[in-house]
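The values are calculated or read from the model by the stated rules, or taken from the named source; none is laboratory data. Computed from a predicted model, the values in this text were never measured in an experiment. A quick note on method: Cβ atoms are made from the backbone with ideal geometry, for glycine too, and the neighbour counts reach across all protein chains shown. Calculation scope for accessible area: heavy atoms of the full protein, side chains included, ligands and nucleic acids excluded. Shrake-Rupley method; radii C 1.70, N 1.55, O 1.52, S 1.80 Å.
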Amino acid sequence: EADAPVANTCVDGQIPLHKLVRDLALPDNYERPTNRRRLVGNNRRHYDGRYQYRSWRASLYHAAFIFFVMLMCMGTWISFFAGTGSIQEPLKPSMSEVEAYMLSERSMDSTKKPLCLVAFSISASEPRMMVLRNMCGKLMSWIYQRKFTLSPRAPNYKGVGDAAEAKAEEPPATEYVEFIDIFTDEGHRVGVYALWDAFADVIHDADLRFVEDMANKMTTMAATDDRLLSKKEDDGLCLDDELRAMAADKPDEFCITQEQIDQFELAFATYDLLTALGHPAFWREDGMVKVKGFRDYASDPAACKVLRKWAANFKKERKKTGNPFAPNCAPTTDDAISQDTWNTWWDLYDEIGRNQWVKRFDCTKFRRVRLHYDRSQHGNSHHRDLMMCYTARANPEDLKIQLGPTVQRRGIVKGVFVRLKDATTAHADATTALYKKHGIRPLSRGEARRCHARVVSKKIMIQVGKTKIACVKVKECTPDLLTVLPPKFLVNNGVADAESADESGALLKSANGAVEDFQHQGEEAIIPLELLTPLRESRGKSGGMNQTMEILNFYLRHHSSTMRAIKKNEYIANATKAEANARPTSTTLDAVPIPAKSKTKDAKACLLFAIFDCRHMATQGYWDVVVPYFYRYQHLNNPWSRELAIDRPVAFVQLPQTFNSLTIDNDIFDMRNEYLFRLANNIRSGVGAITSCGTNAVWNYDILFQENPLEHRFNEDTMIEDTASSHDVIIEGRKGVYHFERLVLGARKGTTDYLAAVFRWSRGAVQLFWTTFWFPRYKYIWPYAMLCVHSLPIVGITVYLQLTKLDRCHQTAMTQRLGWVPCR
C-alpha cells in the first residue's frame, strides 16, 4: 500500500491525492474534490502551476520551441510515407570486380580512368596520442583480409607441378592507382611534424602487422588519454612492453630497427617541448639552419635521457612559464649534450623560436614510403607505395595575440594578413597582366605565399596619372615581399620606424586625397588592392582543406603517377594505330604537353578524398567498402560485360560516427547521435538527400587534364563546411550515399569541448540559413516556396495546440478564456 504523499512535495498542496496514487491505495474515507478550478489572482494558466509563463518572452520562446519541434516531427513523418527512400538504381559492382577491372591489362587503354585515393586528416590542438591514433587508423584503412586495397586476391603461378615450389607471378604493376596520405596541421606545431616524421621512418619498408597490433590497443581510447590503455604507468614513452619486445625480438620479420624505435619514442616524449621551441630544426637538421636536432641524439641513450628529462621538466613548468629554457627546466649542465649545442639551441630559440617566426610561412613535407603486410605470404601483392604529406598553413602568431576580435574578419581589412596573388590560379592570365602593369614578375603559389604582410589602414585612393588606385598600407613585411616589390611601393625602403610621411616612395608622393588617410602609421609599403589576397581566406577547417587542395594540385601536376597515366591515355587516344600498340616510354610521356585550361570539363581521372578528423581512427576494410559506390556498370543490358565506369552523380559516401568508449546508457549529451546515424540517414539515403558530417566521408572529385587538375573547393561561407558543401553538390544534381557500417572509431570529447562543438554547429546552421535564403548563390524561388509550405501547417498546428487542452487537467490560457470546463 502506497504511503500518503508529503504535503510539501505537492505544488502548493493543490494536486489531489488520487492523482498521485492508485485507487486501490486510497483510504476508504477519502472524498474526491468536486471543483478543482484555480482562481487565485492572475495565476489561472494551469491547474498545478508548473507551466506558467512569467512574461511575453517566455510565451514567445514556447511558441518558437513548438514551431521547430513540429517542423522536425513533420519531416520525420514525411520520411516514413510509402515510396520515400526507395532505391531505384541498379546494384553497384563488387570490390572484386573493381579490382579486376583496374588491374587488368586488357582494360588499360584510353577509356579507363586512373584512380587516386587520398586519406586526409586535420588537427589543430589535439594531443599526441590522438595524432598517432589517427595516423595508425589511416594505414589500417588500406588493408582488408590480409591484403592491400586494389590488389589481386589470389596468386598466379607459372608452370606446372607443386604450387608450393612454383614461382609466384608478380601482379601487373598498376600505374592507374595511386595512394596518398595527407596530414594537415592547422596548429603549425613542430611536435606534430616530428611525430609524423618518426612515424614515417618506422613504417617505411616495414611490416604493418606491427602497426596493426598498436592500432588494436587504441580502439577504446578517449580524447583525454595520453598513453596506451595497456600501460600501467606513464613513463613518457609510447610503446608498451609487448610492442617493444615484438620489434626487438623479430627485427627480420617486422623490419623495424632499434634506432627507428628510439627516434619514434623520442619524438613522442618531446612532443610538447618541440612545439614550444618553435622550429623544425630542433628535431631534424635542415639545409638552412645548421643545428643538430633531437633526431640525431636518438641513438645516444644518455642524450635521450637528458632530452626526456627536459621534456618532463617543461611539462611541469609549462603553466608557470612558457620558456623551455627557464631555470630548473633545461638541464644545460648535463655532459651528455655539449655546451656548444646548448648555446646553439638557445640562439635559435631566442632569434626565431620565441616569436614563432616559422608559423608565418607554410610548411609542406613529402615522404614516399613502401608498405608491406605479412611478408610470409606467397604470391600476394603485399607491398604498396604510399606518398605521405605533412602540411601546415601559415599562421602568424600575433594574428591572435595582438589583433583580438579582428581575426574573425574576412576580406582585406585592417589587421588582416595579406599576400600577393599568384599566377597559377584559374585567373592566371589576368594576374600576369596585373604584375606586368605594376612591374612585378609573375610569382608561383609557393613564392606568393611567402610574400605577405599585415594591413594597418583602411582602403585609400591614390591618384596615379589620370586614374585612382585603391591601396592599403602594410607593415611586418616578410623579406621575400620587400625583395619582390618595386621601389615605388616601399616607404623609406621598407623601414617601419620612419618619422615622417614626406620620405615615402613615389606612389605616396603622387597621392591626392584626405590628409588623415596618409598620416604615417609605421607602414613599410603601400600596395594596390588588386595585387593582394588574404593570406588565410578561411581560418576554419574548410580553409585547411582548401589549402590541401592547392597542395594536391601542385603534386598532381608535377610528381603524380596519376598525371602520367592521364598523359598515357591522351597519347594513346591521339596516336596512330602503330604508335598506340607500342608502349610509350617515359621520354614520350614527358613530351606530352599539359594545356593551361582544359577545353572540356570531361574528367580524365577520379580522386576519392577521404576525411578523417584527428579524433577518429579508421579500421581495416574502409576503402574496400567505399570504393564500389563510385563505380557503375557501363553496359547494364549485357550481363557478361564487366566494363566499369566512374559514377559521377555520386558526390560522396558518408559513414557513421562511433565512439567505442561511450555506451548508449552513458551518452547523456547524445554524442553518438544515434537517431541520425541509425534511422534518419538510412531513410534520406534512398532519395540522395544525405549531408556530410565532416569526418568519415569520401568525396568524388574530377581530375582534369590542365595546369590545375582539381577545381573543387570546399564551402567557406559557414562554420559547418560539411553541410554547406553537401548542399552545393546536391543543387548541382548530384547525390550523397550513406553506408551504415561502423568502420571508423572516434575518441569522445570532454563535456566542455562537446558543448562548444554544439554551439559551433548551431551557429553554422544559422549562417547557412542566412547565406542560402537571403543571399543565395542559386537564385531560385523554390527555397522560399518550400519555406512557406512548411511554415503554414506548423503555424496552424501551433495555434491548434494553444486552443486545445493538453490533457484532462492541464489547460492553456486560451481554453480558460473560452470557458471550457476543467477535468472533474
Any lysines with Cα under 25 Å of the K604 Cα? List them, leaving off those in the same chain fewer than 8 positions away.
K92, K112, K113, K567, K568, K577, K735
Sequence-distant or interchain residues sharing an amide H contact under 5 Å with R450, placed H: which?
none
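Enumerate by residue number the trypsin sites (Lys or Arg not before Pro) in the range 735-770 meeting two conditions: DSSP loop (anything except H, G, I, E, B), and at most 15 other Cβ atoms within 10 Å of the site's Cβ. Before the final figure, lay out the partial values.
Values: sites: K735, R742, R748, K749, R760, R763; in loops: R742, R748, K749.
Passing sites in the range 735-770 are R742.
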How much length would be gained if the chain were fully extended between S586 and T663, taking 0.36 nm per residue of separation minus their Cα-Cα distance, in nm to one decimal?
22.2 nm
R0 of 56 Å, Cβ-Cβ distance D213-V795: FRET efficiency to nearest 0.05:
0.40
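For the range 714-765, which whole percent of the accessible surface, found with a 1.4 angstrom probe, sits on carbon and sulfur atoms? Present the calculation step by step, with values, prior to reporting the outcome.
Numbers: 1280 of 2350 Å².
The nonpolar share, carbon plus sulfur, comes to 55 percent.
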Given contacts defined as C-alpha pairs under 8 Å and at least six residues apart, what's the relative contact order of the range 598-738, whole-number percent?
37
May I ask you to list the chymotrypsin sites (Phe, Trp or Tyr not before Pro) in the range 692-771 that are in a DSSP loop and have at most 13 other Cβ atoms within 10 Å of their Cβ?
F740
Mind giving me the nanometre distance, one decimal, between the label points for T224 and L60, set 7 Å out from Cα along Cα→Cβ?
3.9
I'd like to know which of A651, M671, S661 lies farthest towards the positive end of the charge dipole of the range 628-676, counting +1 on Cβ of Lys and Arg and -1 on Cβ of Asp and Glu.
A651
Rolling a 1.4 angstrom probe over the protein heavy atoms, how many square angstrom per residue are accessible across the range 306-388?
54
Rounded to the nearest 0.05, what FRET efficiency do D252 and K305 have when you use their Cβ-Cβ distance and R0 = 41 Å?
0.90
Would you please name the GluC sites (Glu not before Pro) within the range 228-263 that are DSSP coil residues with at most 10 other C-beta atoms within 10 Å of their C-beta?
E233
Of the accessible area of the range 632-690, computed with a 1.4 Å probe and all protein chains kept, carbon and sulfur make up a percent value of 53
Using θ = phi - 60° and the Karplus form 6.51 cos²θ - 1.76 cosθ + 1.60, what ³J(HN,Hα) does each residue of the range 729-741 get, whole Hz, x for Gly and Pro?
6, 5, 5, 6, x, 8, 8, x, 10, 10, 10, 8, 8
R0 of 51 Å, Cβ-Cβ distance F68-S641: FRET efficiency to nearest 0.05
0.50
Reachable lysines, given that their alpha-carbon falls under 18 Å from the alpha-carbon of K437 and they are not under 8 places away in the same chain
K421, K466, K468, K488
Using 0.36 nm times the number of residues separating A336 and K315, minus their current alpha carbon distance, what extension gain do you get?
5.4 nm
Counting only pairs 8 or more residues apart or on different chains, how many lysine pairs in the range 240-383 have their Cα atoms under 20 Å apart?
9
Using a 1.4 angstrom probe on heavy atoms only, work out the carbon and sulfur share of the accessible area of the range 296-395 in %.
46
